Amino acid sequence: MTRDELREKASALPLLPGVYLMMDSSGKVIYVGKAKKLKNRVSQYFQDSASHTSKTRQMVSQVDHFDTIFVSSEFEALVLENSLIKRHMPRYNILLKDDKGYPFVRLSRETYPRFSMVHKWANDGAKYFGPFGGRFETRQALDAVCAALRLPTCSRRFPKEIGAERPCLNFHMGRCDGFCRPELTAEEYNRRIRQACQMLEGKAKQLLQEMTAEMEAEAEALRFEQAAAIRDRINAISALSKKQTVIAGLCADTDIWGLYRGAGKCCYAILHMENGNLAGRETELFTAPMEESQEEMLSALTAQFYLPRAILPHEILLPFETEGYCESLSEVLTKRAGHKVWVHVPQRGEKAELRAMAQRNASEEAERATTAEERVAHTLELLAKLLDLPAPPKRLESFDISNTGSSDIVASMVVYSGVRPLKSAYRRFRIKELDGHPDDYASMREVIRRRLQRAADGDEKFLPLPDAFLIDGGETHAQTALSAAQSFGVAVPIFGMVKDDRHRTRALVTPDGREIGIVNHQAVFALIGQIQEETHRFAITYHHESHAKSTMRSALDGIPGVGPKRREALRKHFGTIKAIREAEVAALAAIVPQAQAEAVWRHFHPQPEGETQVESNK
């Protein structure tokens, strides 16, 4: 379909909630989204693309057609969106682990049922728990539950092999009560299995209360050995809920989310709290397509994380608000859990501190897992997207003008190779074409013209041309540089570096006045700020050197017999005008002839009229 046909089809949609699927020319689903009002949301994709992010523009450019599914409410759209994302795995949606990353625990249906770990749920009459986290963690948790309740994990089959052999090593190590022995009944085995099911269903508190009551009853009946065995299982279960992340997640009554977008990798962290105590932590690294906003990331992650789960906490704390999303997610999860699930963003107090802790956990995990190369690649890739460059820039050149009034007007050219300064390629310019008055625009035009002329002449010191020019200044400075570049037929993109009231580069501006904000992109903000500061430093340093030489040169002007070579010799030897002024004639005569040395001394020590000339070489 053409863009006009897509726009016309979107305009014909009703103002109803639903889910839309964007597809490419091959029919593959590349994006799934939900909306309260499908017509408004889908139409936005095919309007003016100037307000779209790079990700949206790229996605829309590949859309050949789209389908929609209407639902009765927003929360139904949320559930359906999650289901379709898991089914189609669209490239422009944020995706958590695939189904292999979310194993289930299966309890077989037999006289002596056994637990096992499977990839997916099946309609086979067995009981399923989950989905849980990774396979390794889930296996550890399942083994720990069985150990806490002294259930067998060996390969023996009951009742066929009961009494066939002596108990295995697990019995002698106290990890199993030896249900292969004839004296233990199927009723006791199934009672332990039911207790394990309570653990896997997140009912640890209820289980501990029941077991405590059972222990007390055994103690009152003077069956102290049985009471001690139950006590040991209670202690093991209590410790288990604090040590195993998967079990901790099931036992938690509060989940606290942290979300961090790093340079190359993103990470979420979830702190599981039980009765106000930290019971466990989950983290996962993932890649967000293009420059997905944090709000979009959070809504996608939380929906994919909670909607497949059978066990849900009573409270979920999010790191920031996402335009009514808390209410929608709370409604969906409450209906699924059978109890109220309160989703909100804490603003103050202990819960706000926990939110900050989760945020730190997410940032530390992402930064730890991100290499320096990934940070560089991410920064340059993001810069290219912001500036609409065809590829990440390999070479950037930045220019600045420095002067004191109309004198000593100089310019600096700083070169960055990727994100690193290439100091061997730095260049300095003394402005030559201005006549007695400062003009930053004329100075910038001269510098760009001279720089490009040197490149046109084949000077290797000014080759290759950069991927972009960065000009210290605003729109007019960028226009001035553009006019100079156009005179050479050069099409290098040009951007002005716009500063805020704290002299930090807050945005880049094109010659036609379009501002590109960088403050919300920390890596790019830091890079552009570093380039601007380095360019300014290099210009100021050159200006100070030039001004100092000019000051020294003017102080020695007009002395009889002291020409440029002798002035240079004096400057080189003494270093400063002050040192020359305070030098005795003998010291001066060691550098220049005696007559000129006396002339220099008299120049700095003029005698009032009528006074006798003071001996100068005392």
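So the values come out like this:
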quantity	calculated
Value of D in µm² per second that Stokes-Einstein yields for the stretch 380-501, Kirkwood Rh from Cα pairs, at 20 °C (1.002 mPa s)	144
Computed label-point distance, nm, for sites Asp67 and Arg602 using a 7 Å Cα→Cβ extension	10.3
Links that overshoot a 29 Å alpha carbon limit, given the list Lys28/Lys127; Lys499/Lys572; Lys28/Lys335; Lys37/Lys335; Lys120/Lys385	Lys28/Lys127; Lys499/Lys572; Lys28/Lys335; Lys120/Lys385
Ellipticity estimate at 222 nm from DSSP helix runs (n ≥ 4, -39,500 (n - 2.57)) divided over the chain, nearest 500	-14500 deg cm²/dmol
Accessible-area composition of the chain, carbon plus sulfur, in percent [1.4 Å probe]	50
Chain lengthening between Gln347 and Leu184 when straightened (0.36 nm per residue, less Cα-Cα)	53.2 nm
Shape category assigned to the stretch 1-47 from the gyration tensor of Cα positions, a/c cut at 1.5	oblate
Normalised alpha carbon radius of gyration of the stretch 157-199 [divisor 2.2 N^0.38 Å]	1.19
0 to 90° range, to nearest 10: angle between helix 224-243 axis and the chain longest Cα axis	30
Cα pair distances in the stretch 456-529, grouped into 5 Å bins until the bin that holds the longest one, percent each	3, 16, 23, 22, 15, 11, 7, 2, 0
For the stretch 272-379, convex hull of alpha carbons as volume per residue, Å³	123
Protection-proxy order for peptides 515-525, 28-38, 166-176, each taking the mean of Cβ atoms within 10 Å per residue, highest first	28-38, 515-525, 166-176
Accessible area expressed per residue, the chain, with surrounding protein chains retained (probe 1.4 Å, Å²)	50
Rounded tilt (10° steps) of 74-88 against the dominant C-alpha axis of the chain	80
Cβ-derived FRET efficiency at R0 25 Å, Lys127 paired with Cys154, nearest 0.05	0.75
Helix axis angle, 475-486 relative to the chain longest principal axis, alpha carbon, degrees	70
Pair-distance profile P(r), taking every C-alpha pair of the chain, with 10 angstrom steps and integer %	3, 12, 16, 15, 14, 11, 9, 7, 6, 4, 2, 1, 0, 0
His314 versus Arg502: modelled label distance in nm, points set 7 Å from Cα along the beta carbon direction	4.3
Neighbourhood charge, 12 Å Cβ-Cβ cut-off, centred on Ala356 and excluding it, Lys, Arg +1 and Asp, Glu -1	+2
Extension gain from Leu16 to Arg91, taking 0.36 nm per residue of separation minus the Cα-Cα distance	24.4 nm
Segment Glu568-Ala229, extension gain: residue separation times 0.36 nm, minus the distance between their alpha carbons	112.3 nm
Inter-site label distance for Glu216 and Lys432 at 7 Å from Cα along Cβ, in nm	9.8
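The values are calculated or read from the model by the stated rules, or taken from the named source; none is laboratory data. None of these values were measured; they are calculated from a predicted model. Cβ coordinates were reconstructed from backbone atoms using ideal geometry, including for glycine residues, and neighbour counts include every protein chain displayed. In case anyone asks, the SASA skips ligands and DNA or RNA and just uses the protein heavy atoms, side chains included. Shrake-Rupley method; radii C 1.70, N 1.55, O 1.52, S 1.80 Å.
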